1. What's the number of the only condition in (1) surrounded by 18 or more Cβ atoms within 10 Å (Cβ to Cβ); (2) within 19 Å of residue 140 (Cβ to Cβ); (3) touching a residue at least 60 places away in the same chain (Cβ under 8 Å); (4) in contact with a strand residue (DSSP E or B) (Cβ under 8 Å, 6 or more places away or on another chain) that residue 5 fails to meet?
2. Could you tell me whether the stretch 204-212 includes any residue that is farther than 24 Å from residue 138 by Cα and surrounded by fewer than 18 Cβ atoms within 10 Å (Cβ to Cβ)?
3. If a residue has to be in contact with a helix residue (DSSP H, G or I) (Cβ under 9 Å, 6 or more places away or on another chain) and under 24 Å from residue 129 (Cβ atoms) to count, how many in the stretch 37-54 make the cut?
4. With respect to residue 184, determine if the residue is surrounded by 14 or more Cβ atoms within 10 Å (Cβ to Cβ), touching a helix residue (DSSP H, G or I) at 6+ places or on another chain (Cβ under 6 Å), farther than 14 Å from residue 159 by Cα and touching a residue at least 12 places away in the same chain (Cβ under 8 Å).
5. Quick one: would you say residue 21 is in contact (Cβ under 8 Å) with a residue 24 or more places away in the chain, more than 22 Å from residue 95 (Cβ to Cβ) and in contact with a strand residue (DSSP E or B) (Cβ under 6 Å, 6 or more places away or on another chain)?
């Protein structure tokens, strides 16, 4: 099985740089994956990406050597197993609020005897390698999102779940649930303390911590806090920012 580059980088003590895709386009995925990210996440929760688009995007990213991951829509065994069978090297699951939910997530990602994942890696056998069944449990990433007050209240129980590789902070939803309103790159003292407590708890439990950032400056900040993977940008944001910048410069130059 082709080794998971994210796990290799983590073993070397490096911060993983992750990209994010919400637009259902294989060409879009190919473009972003070719820019040098360590990993790319296909977002099926808030993105507009269905199963067929996801498969095409995974295929398009293969040539770049980037580690492909999928954020599934929910804690749903069918969605999780189909993402893995299609060739995802990691699953990010939103709204994990309890230890029981974290254990359930792990069981959906791992083959027996560790979990209950059904065997049928129809594309993964081709994209990842013929020895997939033997190595998948060790190579695939299982990541739970902490993004509610309930999940944060159960933090220590969640991060100590056997088989869980990392927790991902959803700063917008977590801040929303804590009464601050949604939004990335938080500055509230309470949120900054929360973010630092999460990475500390994860490391004390022997797993990794992942952070979603709205800017490169905040990604650097999260890395200084100790986060092991930072998401730097998203395809929609890149498209909007590029269009706005080009239009603003053109208006300035032509005087309208």
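What follows is calculated from the coordinates using simple rules that are stated; it is not laboratory data. Bear in mind that the values here come from a model prediction, so they are computed numbers and not experimental data. In this analysis, Cβ positions are derived from the backbone assuming ideal geometry, glycine residues included, and neighbour counts consider all displayed protein chains.
1. It is condition (1) that residue 5 fails.
2. Looking through the stretch 204-212, none of the residues is farther than 24 Å from residue 138 by Cα and surrounded by fewer than 18 Cβ atoms within 10 Å (Cβ to Cβ).
3. Residues in the stretch 37-54 being in contact with a helix residue (DSSP H, G or I) (Cβ under 9 Å, 6 or more places away or on another chain) and under 24 Å from residue 129 (Cβ atoms): 7 in total.
4. Numbers: surrounded by 14 or more Cβ atoms within 10 Å (Cβ to Cβ): yes; touching a helix residue (DSSP H, G or I) at 6+ places or on another chain (Cβ under 6 Å): yes; farther than 14 Å from residue 159 by Cα: yes; touching a residue at least 12 places away in the same chain (Cβ under 8 Å): yes.
Against the criterion (surrounded by 14 or more Cβ atoms within 10 Å (Cβ to Cβ), touching a helix residue (DSSP H, G or I) at 6+ places or on another chain (Cβ under 6 Å), farther than 14 Å from residue 159 by Cα and touching a residue at least 12 places away in the same chain (Cβ under 8 Å)), residue 184 qualifies.
5. No.
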